[in-house]
Amino acid sequence: MARKKKGLLVVVSGPAGVGKGTVDSALMAKHPEIKMSVSVTTRAPRPGEVEGVHYFYRTKEEFDRMIEEDAFLEYMHVFGMNYYGTPKSFVESEREKGNHVILEIDVQGAMKVKAACPDAVLVFIAPPSLKILKERLVGRGTETQESIDIRTKTALDELNMLPHYDYMVINDVVDEAVGEMESILTAELCRTVRNKELISKLTGGETI
Ligand code: 5GP
């Protein structure tokens, strides 16, 4: 999937517990040219989470300063408590190098990215069923009952946004979901609108 031109911006959303992280990690393990954007958040780290790997953990004041500096591609107030934002600089520099950048963000953030970057590819990772999603959410064991209830309600709201996405990948078997992600990226790279330079070379009367 390495082509020496501007990389793709791939937005990946899906309800908490659907396995977005698992699919994205497996995809990146196979493709070093795919990078994950690390978001900034005001929420506290969960056990095992690492600064600069899962998120950049910042205070509300620091987050506000970044908003003033126009440092975010998009940012969002999620679950009525915390802020999450995508720093612009990493996304832009990696795409310029020809790497593809994945943003793992919520549906509202995805809509903002689509508005700001119309060439972004929006992928929704969906569960095989609502029952399975709820089992996965409870099974994770890191959330309180209140948090599980909020996330279940949020999941239903997010699923209603599915028609606004370009692609839908069902995460039943991880390897199959990864294969579908690879197919999506390959198809996007083959789109004529992303190959204007090559097309004009082919049609611009260059001698063979
Ligand atoms: P969590 O607290 O479980 O890590 O994430 C909560 C929600 O925030 C998830 O739906 C996640 O996709 C979303 N999120 C994480 N980073 C960002 C970001 O930079 N921007 C937006 N809009 N949402 C984000």
Residue that is nearest to H164 (Cα to Cα), among those in the stretch 95-123 that are out of contact with any Ser or Thr (no Cβ under 8 Å at 6 or more places or on another chain) and acidic (D, E): D119
Any hit, the stretch 48-55, residues being within 18 Å of R136 (Cβ to Cβ) and open to solvent by 30 Å² or more (accessible area, probe 1.4 Å): yes
Lone qualifier among V18, V11, V91 - being in a helix (DSSP H, G or I) and either under 28 Å from K131 (Cβ atoms) or modelled with pLDDT of 95 or more (or both): V91
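Out of everything in the stretch 123-143 that is under 14 Å from V23 (Cβ atoms) and aliphatic (A, V, I, L, M), what residue ends up being farthest from the chain's Cα centre (by Cα)?
The extreme case among them is A126.
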Residue under evaluation I102, criteria (1) more than 8 Å from the ligand (Cβ to nearest atom); (2) more than 13 Å from the chain's Cα centre (by Cα), criterion not met: (2)
Set P87, P127: member being surrounded by 13 or more Cβ atoms within 10 Å (Cβ to Cβ) and more than 13 Å from the ligand (Cβ to nearest atom): P127
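Condition check ((1) more than 18 Å from E158 (Cβ to Cβ); (2) open to solvent by 70 Å² or more (accessible area, probe 1.4 Å); (3) acidic (D, E)) across all residues:
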{"residue": "G21", "(1), (2), (3)": "no, no, no"}
{"residue": "T42", "(1), (2), (3)": "yes, no, no"}
{"residue": "E61", "(1), (2), (3)": "yes, yes, yes"}
{"residue": "E68", "(1), (2), (3)": "yes, yes, yes"}
{"residue": "A71", "(1), (2), (3)": "yes, no, no"}
{"residue": "Y83", "(1), (2), (3)": "yes, no, no"}
{"residue": "G98", "(1), (2), (3)": "yes, no, no"}
{"residue": "I105", "(1), (2), (3)": "no, no, no"}
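Look at H77 and say whether it is within 11 Å of the ligand (Cβ to nearest atom), touching a Lys or Arg at 6+ places or on another chain (Cβ under 9 Å) and open to solvent by 70 Å² or more (accessible area, probe 1.4 Å).
no
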Residue match in the stretch 29-43 (condition: within 13 Å of the ligand (Cβ to nearest atom), touching a Leu at 6+ places or on another chain (Cβ under 9 Å) and under 22 Å from G80 (Cα atoms)): yes
Count - residues of the stretch 177-192 that are crowded, with 16+ Cβ neighbours inside 10 Å and closer than 15 Å to A120 by Cα: 5
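The values are calculated or read from the model by the stated rules, or taken from the named source; none is laboratory data. Keep in mind the model is a prediction, meaning the values are calculated, not measured. Please note: Cβ atoms are built from the backbone with ideal geometry, for glycine as well, and neighbour counts cover all protein chains shown. The area values use the complete protein model at the heavy-atom level, side chains included, leaving out ligands, DNA and RNA. Shrake-Rupley method; radii C 1.70, N 1.55, O 1.52, S 1.80 Å.
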